[in-house]
Amino acid sequence: MRITDILIRSTLLPAFILAALLCTNSPAAEMQLWGKPLSIHGYLSQSVGFGIAGEHFDTQESFQSAIFQGLIEGTYEPRHDMRIFLSGRFNADWAYQALKDNTNWRDKGFDESRGKLYVFDDFKDILNEAHITWRPDHFYFRLGKQIVRWGETDGFRLMDQINPLDQRRGLADVEFETTIQPTWLVRAEYGVPDLPDWCQSLSFQVIFNPNLQFVPNESMKPGNDVSGIWSPYIEIPTNRPYPRDFGYMGSADSRLTEPGGSDGFEYALRLRAVVRDTVVTLNYYYGSDKDPVVRTAGLPRPEVSPYDGRTIFHPNVEGYYPMFRFVGGTLTTDIDPLQSTALGGVAPLLRLEGFYAFNKTFTWDRLNAFEQHDEIRWAAGIDWKVKIPLLNQLSFFTISPQFYHRKIMNYPGEGMLSGPGGESLRENNYQASLMISTGYLGGKLQPSFFWLRNISEKANFFRLQTVYDWSHHWRYTLGVLFFDGDKAGKSYQALKHKDQLYLTISYRF
């Protein structure tokens, strides 16, 4: 057993439990340290997931996950203009222990992902955020491990490229709050003090990432031995000498070059202004993509599956993390002409964002080569709170549709391009989403519906969920996920066996 395993099991988990017990009678622990305010918050959460798509090579029927998450955070203010923030977390999937002797679980190779997915025990996973903030006059400085949010979209990321994303646990959490990974950054802002009446605020932001440790996106990758129950399902047609008509795409034998030293430095600039209640930003980013571009580097390595005797093909690939440079902006404003008394009197909120990326690197399958193309990405969304008395007499419905377009310039006439992360891309790629939510029982009961549609690949992801806040401390969540698609191995079709029912119990302190 590794030292980190011992520390986690003997120190961190009991600390979470002890903190929860100490805070049972109050929403948070408020105290004084050297005469200055110190507050402690956190939560403990246990979720259980059940596969409802049947028995397949890439999933476990019935009970398949038991994810425990704990987070504890403390805020200390030694001065009125200074704040120190520290948070730690614990994340484990007890299914790896409960199913370790299950024959199907082992034959499918899920047990081989135990070292990656049972307990997240790397230092970057245990230490969540750790930063100090100083706010002298019109300046704002934050140094340390932190999250910087630039984007305006939900369900997919566009402008939000500074922090990497962690989807090792799949798509069970489409809110994404817990999937964004903090990184070590230097952040500085200046707010202009004297402004004309038509400009409510104006600020400049500079962000520098010294890349002390390169942290890529953690995505769902093929291979049960890597991604467990969230491994995408991709069939590989076979001929002799293989015994079956098709095999499975397995985990890649990859050689990836990570950015290091000054080559890994990242820079980001933002100008933000509020003009007559409209928020406008101009954004610039220069750094490394968090996903690698890869190409075939040899023949795949075959392996026979103990589950059904089919061949698992492990691709042999090489690649690197290319540069990512873009300039763009966002706009957020109320659409006052659409304000309607009949619908509750609330104007819809329009959210726009987009950027132009320069010399983005792709893999061209026709020549198995890397190519560079400019590209445009933009998205538009609306948040509208409306009254529907027939369905809810007391609370509003929040309806949030979105549309996303990604265009690759000078697309080759033959073959297909794949972007960083391995996603196959057309010249024009379209997605849309819809989120509907409301509240009953004074907001304690919160049903919601989320639909993410990949228009280009004709694939869908649905989530139906109900949250019940029993008290300030206790929250219960019941939900179900569905995936489908028309094109084999593309988009959400590769997750067609991941339909899941889940129940989560959370305690907040």
* Any hit, the stretch 178-194, residues being within 24 Å of P259 (Cβ to Cβ) and among the hydroxyl-bearing types (S, T, Y) -> yes
* Asked: Which condition breaks for P232 when tested against (1) in contact with a Ser or Thr (Cβ under 7 Å, 6 or more places away or on another chain); (2) closer than 29 Å to D484 by Cα?
  -> (1)
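Check whether at least one residue in the stretch 225-237 is free of Cβ contacts under 8 Å to residues at least 60 places away in the same chain, within 22 Å of S288 (Cα to Cα) and not acidic (D, E), and report yes or no.
Scanning the stretch 225-237, I find no residue that is free of Cβ contacts under 8 Å to residues at least 60 places away in the same chain, within 22 Å of S288 (Cα to Cα) and not acidic (D, E), so the answer is no.
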* Asked: Identify, please: which residue in the stretch 120-163 is under 15 Å from the mean Cα position of the chain (by Cα) and of a type in the set (A, V, I, L, M, F, W, C) and is, among those, surrounded by the fewest Cβ atoms within 10 Å (Cβ to Cβ)?
  -> I147
* Six or more apart or on different chains, Cβ under 7 Å: which pairs go from a residue in the stretch 199-220 that's of a type in the set (F, W, Y) and part of a strand (DSSP E or B) to one that's surrounded by fewer than 19 Cβ atoms within 10 Å (Cβ to Cβ) and modelled with pLDDT of 95 or more? Could you list them? => F204/E189; F204/Y190; F204/L271; F208/V186; F208/Y267
* To do: Please indicate, with yes or no, whether at least one residue in the stretch 87-109 is out of contact with any helix residue (DSSP H, G or I) (no Cβ under 9 Å at 6 or more places or on another chain), assigned to a strand (DSSP E or B) and farther than 19 Å from K498 by Cβ.
  => yes
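Of the residues that sit in the stretch 228-282 and are β-branched (V, I, T) and assigned to a strand (DSSP E or B), which one is farthest from the chain's Cα centre (by Cα)?
Of the stretch 228-282, the ones β-branched (V, I, T) are 229, 234, 236, 238, 257, 274-275, 278-281.
Pick out the ones that are also assigned to a strand (DSSP E or B) and you get 236, 257, 274-275, 278-281.
On the way: I236: 28, T257: 23, V274: 28, V275: 31, T278: 27, V279: 25, V280: 25, T281: 23 Å.
Ranking the qualifying residues of the stretch 228-282, first place goes to V275.
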* Structure fact -> So, first residue over 14 Å from G328 (Cα atoms) and at pLDDT below 95 in the stretch 272-286, second residue in a strand (DSSP E or B) and not aliphatic (A, V, I, L, M), Cβ within less than 8 Å, six or more apart or across chains; the pairs are R276/Q200; D277/Q200; D277/T333; D277/D334
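Do we have R508 as over 26 Å from H373 (Cα atoms), among the basic types (K, R) and in contact (Cβ under 8 Å) with a residue 40 or more places away in the chain here?
Here the answer is yes, as R508 does meet what is asked.
The values are calculated or read from the model by the stated rules, or taken from the named source; none is laboratory data. What you see is a predicted model, and the numbers here were worked out from it, not measured in a lab. All Cβ positions, glycine included, derive from the backbone under ideal geometry; neighbour counts span all protein chains shown.
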